[in-house]
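Working notes, beginning with the structure itself.
The values are calculated or read from the model by the stated rules, or taken from the named source; none is laboratory data. Here the structure is a predicted model, which means the values were calculated and not measured. Quick reminder, even Gly has a Cβ in these numbers, built from the backbone with ideal geometry, and neighbours come from all protein chains shown.
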Amino acid sequence: MNDLTQNTFSFPQLNKPAPDFKAKTTHGERSLSDYKGKWLVLFSHPADFTPVCTTEFIGFANAADEFASMNTELLGLSIDSVHAHIAWVRNIEEKFGVVIPFPIIADLSMAVANAYGMVQPGASDTAAVRATFIIDPEGVLRAMVYYPMSNGRSIGEFVRLVKALQTSDENGVATPENWVEGQQVIVPPPHTVEDAASRKGKGYDYVDWYFSKKDL
């Protein structure tokens, strides 16, 4: 019976507190509260010692310094043991010359994976899909992206997205499609008729009353 009311899987919600967790990792026990005051990119992968996941971990490792420069930590997860994770990261260092500098959650119980909706029954009941969650310094979930098991993520997109979220927070603006630092940002639309009428004369890069850009 295909009845959505029977679905027992939970999914986190944007702009709500991210699901709390405490879990064993390759760097010791970690909990969500450990990342208070920092941005966190929490991401899952289907399994250790798999080729697509290996490319993604190399990509995250290569971008780790850039994330750190944005006050952002990385935290991986799969439904594997700590020992499997350790063996895999050692193998990546040996075979590819890349050190994995961030922790990986060992989630054999699937507690964290289920809390974040990482396990998608349409893909697998026992492995996490490629889910990525961006959590702000207050522990609020700000973005989430799900990829299928067959296709790797663009790590550069998550670098871009963290920067865009931080820019929006710091400046009270929005960012256009594929925005990167240094480009114009979008001025929030006016909320009254009076504000709309005066928008053109405020010195913005004006297109219409609802669409204006500016430099930061």
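Table for the structure above
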{"item": "Residue in region 154-164 that is modelled with pLDDT of 95 or more, closer than 30 Å to Gly117 by Cα, under 17 Å from the mean Cα position of the chain (by Cα) and assigned to a loop (DSSP other than H, G, I, E, B) present", "result": "yes"}
{"item": "Leading residue by the ranking (surrounded by the most Cβ atoms within 10 Å (Cβ to Cβ)) among those in region 131-145 that are at negative phi and assigned to a loop (DSSP other than H, G, I, E, B)", "result": "Asp136"}
{"item": "Leading residue by the ranking (surrounded by the fewest Cβ atoms within 10 Å (Cβ to Cβ)) among those in region 46-77 that are touching a residue at least 60 places away in the same chain (Cβ under 8 Å) and in contact with an Asp or Glu (Cβ under 8 Å, 6 or more places away or on another chain)", "result": "Ala47"}
{"item": "Set Val112, Val185: member being buried (at least 16 other Cβ atoms within 10 Å of the Cβ) and assigned by TED's automatic domain parsing to the domain that holds His27", "result": "Val112"}
{"item": "Failed condition for Ala87, given (1) out of contact with any Asp or Glu (no Cβ under 7 Å at 6 or more places or on another chain); (2) within 29 Å of Leu14 (Cβ to Cβ); (3) touching a residue at least 12 places away in the same chain (Cβ under 8 Å)", "result": "(2)"}
